[in-house]
Amino acid sequence: MKSDIKIGVIGGDLRQLVAAGELASEGYEVAVYGFDEYTGSFGMTTRCISLEDTIRKADFIILPLPYSADKIHLNTPLSQSEIHLEEIFNAANQNQIIVGGKFDQTAEKLALESGKNIRLTDYYNREDLAILNAVPTAEGAINIAMQELPTIIAGCKALVIGYGRIGRILAHKLYGLHTKIYVSARKQEDFAWIEAFGHKALNYDNIDEKLGDFDVIFNTAPSLILNKRRLEKIRDDAVVIDLASNPGGVDFNAAKNLGKNVIWALSLPGKYAPATAGKTLARIIKIIMDGEDNNKNNNNNPETKRGAI
């Protein structure tokens, strides 16, 4: 039963609070901690006054995305208090399941050194979450473009660099706004899809001569694409929106020196549509918990242990 599953949500932004509320409304017992700066409603969740109270009876611990910015403290934008990562792992239960975003070697080391057989599950690496989050990312990017452009976006000439999850959804949404869309990619398969959806395809190697034509450029490629040489070719009145994660796909120092209008738009789901992103996160957490429950049941099933015949 859902009411038998206890979840502790520690730190994060509105996405985590929305996810906590969604899970609580569906019958899970949810405790939250690390949100003392938040003045809104906590819904059906239980607000704890200590980290230990949040963790003690929890079957699952949910941490933010990213779980930490400095590898020392938990990411707690809605709290004045600092939560050390070591505190969390020290307070964790034996065989604790901790779910969070962008776990790294630091998290793995802390889990191992705890000696408690802690299991880490990184929801950031899940393909389903990445696809669902691409929608608010694309809409957030278009919203920024609308604010920055001196004209309406319909009829503008736009370049989308990269044709991954975000690039595909972004191009599709721009198409619906009657934007003249060019998409740069490298794979022949991508070129075929780009043309099939009614966009103009450009090879990465051939974008230099076209860069001065665009009103707005969206970069989704996670590598340095818009270097100083290419930035010089972009019009001064054009808007460049970089959606790539750290270190980004633009030479920001060169852009600043050249006076280009470049915006590095990170974590748009949490900033642009936290309610949507939070509901999506709750959906993914439920999938993770269901998977863990199935594993537990299979491990306790003697037929499973012997193997199916």
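The values are calculated or read from the model by the stated rules, or taken from the named source; none is laboratory data. Only a predicted model underlies this, so the values are computations on that prediction, with no experimental measurement involved. Positions of Cβ are backbone-derived with ideal geometry, glycine not excepted, and every protein chain shown enters the neighbour counts. Each accessible area value is taken on the protein alone, full model and side chains, heavy atoms only, with ligands, DNA and RNA left out. Shrake-Rupley method; radii C 1.70, N 1.55, O 1.52, S 1.80 Å.
Per the Debye calculation on segment 183-252 with a single equal scatterer at every Cα and no solvent contribution, log₁₀ I(q)/I(0) for q = 0.14, 0.25 Å⁻¹ amounts to -0.43, -1.23.
Each Lys or Arg adds one and each Asp or Glu subtracts one; over the other residues with Cβ under 11 Å from the Cβ of residue 22, this totals +3. The residue 246 and residue 44 beta-carbon pair, evaluated with R₀ = 25 Å, returns a calculated FRET efficiency of approximately 0.10.
Let me know the charge dipole size of segment 96-251 about its Cα centre in debye, to the nearest 20, where only the beta-carbon of Lys, Arg (+1) and Asp, Glu (-1) is charged. Please list the in-between numbers first.
On the way: 19 positive and 21 negative charges, 41 e Å.
About 200 debye.
Can you check how the C-alpha radius of gyration of segment 70-202 compares to 2.2 N^0.38 Å, as a plain ratio?
Scaled against compact globular proteins, the figure is 1.50.
In the structure shown, the pairs 6/279; 157/279; 187/228; 200/260; 57/286 are assessed against 28 Å; a Cα-Cα span above that value is assigned to 157/279.
Which of the aspartates and glutamates could a cross-linker span from residue 71 if the Cα-Cα distance has to be under 14 Å and same-chain partners fewer than 8 positions apart are dropped? Partners found: 82, 86, 87, 104, 108.
When the charge dipole of the chain is built from unit charges on Cβ atoms (+1 for Lys and Arg, -1 for Asp and Glu) and taken about the Cα centre, the candidate among 8, 265, 169 whose Cα reaches farthest toward its positive end is 169. Placing +1 on each Lys and Arg Cβ and -1 on each Asp and Glu Cβ, with no other charges, gives the chain a dipole about its Cα centre of roughly 560 debye. Overall, the accessible surface of segment 1-146 at a probe of 1.4 angstrom is composed of carbon and sulfur to the extent of 49 percent. In units of the compact-protein estimate 2.2 N^0.38 Å, the chain shows a Cα radius of gyration of 1.15.
Lys and Arg at +1, Asp and Glu at -1: add these up for the other residues within a Cβ distance under 13 Å of residue 164 and post the number.
+1
The share of C-alpha pairs in segment 2-106 whose separation exceeds 20 Å stands at 30 percent.
Calculated mean residue ellipticity, 222 nm, the chain: -12000 deg cm²/dmol, from DSSP H runs (n ≥ 4) at -39500 (n - 2.57) each, averaged per residue and rounded to 500.
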